[in-house]
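Single-structure report; data block below.
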Amino acid sequence: MRTYIITGATSGLGLATARCLAQEPDTKVILAVRDTIRGRRIAAELGQHVEVVELDLSSLDNIDAFLSSWQGNITGLINNAGVQIINETRFTKKERFEETFAVNHLAALKLTMGLLAFLGGGRVLFIGSGTHNPNNRTAIIFGFRGAKFTSIRNCADGLNNTGSIRQLGIDRYATSKFLNMVTTVELARRIPPERVSFFCLDPGIMAGTGLARTAPAPLRFVWAHFLPFAMKFLPDASTPTRSGKAAARIVTSKALEKQTGTIFSFDCQPSTRVWKSVFDAEIGRRVVDDSLNLLTGKQHH
């Protein structure tokens with residue numbers, strides 16, 4: 001059977017992707033999630049070939065435990081899990097990395113590199129965002145200013161720009177998504193597609209998802225109940241269902257197998273809204289090398 005691992009698959013885009021993949025014949029779907037109780041309930045609804053494995057992406061030790069216990073070939077890895085923290089600054093307990101950066105980028109890279117040996121001929125999908133682009137007009141409406149990348153060490157420390165805690169939170173999110181997109185392109189440069197193919201999906205702005213869980217109550221209400229209707233009039237708007245279908249297609253479609261390194265929009269076409277810095281080879285080298293060094297303890301304060 002084909003085996004797909006999806007992180008953060010208990011809601012939103014991850015759940016929609018899992019639902020699509022669970023309908024594929026001869027397919028096993030692994031929900032790699034922190035909330036295993038909720039995960040098992042979802043797995044029971046999705047079908048007999050859906051399994052749950054505990055994975056806390058805010059803990060590098062937990063990722064190591066997951067990697068050491070994994071056995072069997074993997075057809076696709078969907079690095080879907082992501083957080084946006086706009087009400088405080090949080091750091092991981094052991095390494096003291098800013099949590100948005102740690103979960104959205106560093107954990108996804110560590111998981112990917114740790115599973116490469118099982119991904120022979122398989123695909124990896126990272127999740128990007130139009131918020132990374134400082135010229136994205138829709139993102140600007142929601143207060144995004146684009147990625148604020150200067151160095152991986154600076155990202156791990158939580159960025160050093162000024163502004164409100166909310167602004168800092170959304171800057172960290174946009175920067176982490178920039179790193180996801182840069183990583184996709186750089187890994188595709190380094191690893192031949194016969195071994196592993198790398199893709200990224202910009203799922204669009206999906207109002208109503210859990211991404212605003214740390215926002216103030218009034219903003220959460222607007223996000224959940226008003227914006228899903230208003231989004232119909234924005235060019236970057238999508239839904240978890242639509243973008244989930246795109247994610248599933250990217251990791252399964254034979255028509256896309258030779259397009260490693262591509263960043264797709266939710267219409268399954270190469271995105272035209274990617275900031276040119278994503279394709280900068282020097283930035284790509286720094287992002288991946290410095291991130292791997294950070295993971296192995298070679299970068300220090």
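In the stretch 40-69, what residues are assigned to a loop (DSSP other than H, G, I, E, B) and under 25 Å from R249 (Cβ atoms)?
Passing the criteria: G47, Q48, H49, L55, L57.
With the condition kept exactly as written, say whether any residue in the stretch 90-100 is closer than 16 Å to I205 by Cα and either surrounded by 24 or more Cβ atoms within 10 Å (Cβ to Cβ) or under 12 Å from the mean Cα position of the chain (by Cα) (or both).
No; the residues of the stretch 90-100 include none that is closer than 16 Å to I205 by Cα and either surrounded by 24 or more Cβ atoms within 10 Å (Cβ to Cβ) or under 12 Å from the mean Cα position of the chain (by Cα) (or both).
Can you tell me which of (1) surrounded by fewer than 18 Cβ atoms within 10 Å (Cβ to Cβ); (2) modelled with pLDDT of 95 or more is the one N180 doesn't meet?
(1)
Can you confirm whether K28 is of a type in the set (K, R), in a loop (DSSP other than H, G, I, E, B), over 13 Å from the mean Cα position of the chain (by Cα) and surrounded by fewer than 23 Cβ atoms within 10 Å (Cβ to Cβ)?
no
Among all residue pairs at least 6 apart or on different chains, which show Cβ distances below 6 Å where the first residue, located in the stretch 260-272, is under 19 Å from G14 (Cβ atoms) and without any contact (Cβ under 8 Å) to a residue 40 or more places away in the chain and the second is aliphatic (A, V, I, L, M) and in a loop (DSSP other than H, G, I, E, B)?
Partner pairs satisfying both residue conditions: none exist.
Residue by residue, here is whether (1) under 15 Å from T75 (Cα atoms); (2) of a type in the set (D, E, K, R); (3) free of Cβ contacts under 8 Å to residues at least 40 places away in the same chain holds:
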residue: R2; (1), (2), (3): yes, yes, no
residue: I5; (1), (2), (3): yes, no, no
residue: T10; (1), (2), (3): no, no, yes
residue: L13; (1), (2), (3): no, no, no
residue: A16; (1), (2), (3): no, no, no
residue: L21; (1), (2), (3): yes, no, no
residue: I30; (1), (2), (3): yes, no, yes
residue: T36; (1), (2), (3): no, no, yes
residue: G39; (1), (2), (3): no, no, yes
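For the list (1) farther than 18 Å from F118 by Cα; (2) part of a strand (DSSP E or B); (3) of a type in the set (A, V, I, L, M), I need the number of the one condition that A18 fails.
All conditions pass for A18, except number (2).
Out of everything in the stretch 240-265 that is surrounded by fewer than 16 Cβ atoms within 10 Å (Cβ to Cβ) and small (G, A, S), what residue ends up being nearest to the chain's Cα centre (by Cα)?
My answer is S253.
The values are calculated or read from the model by the stated rules, or taken from the named source; none is laboratory data. These numbers were taken from a predicted model, which means no experiment stands behind them. FYI the Cβ positions are ideal-geometry reconstructions off the backbone, even for glycines, and counts take in every protein chain you see.
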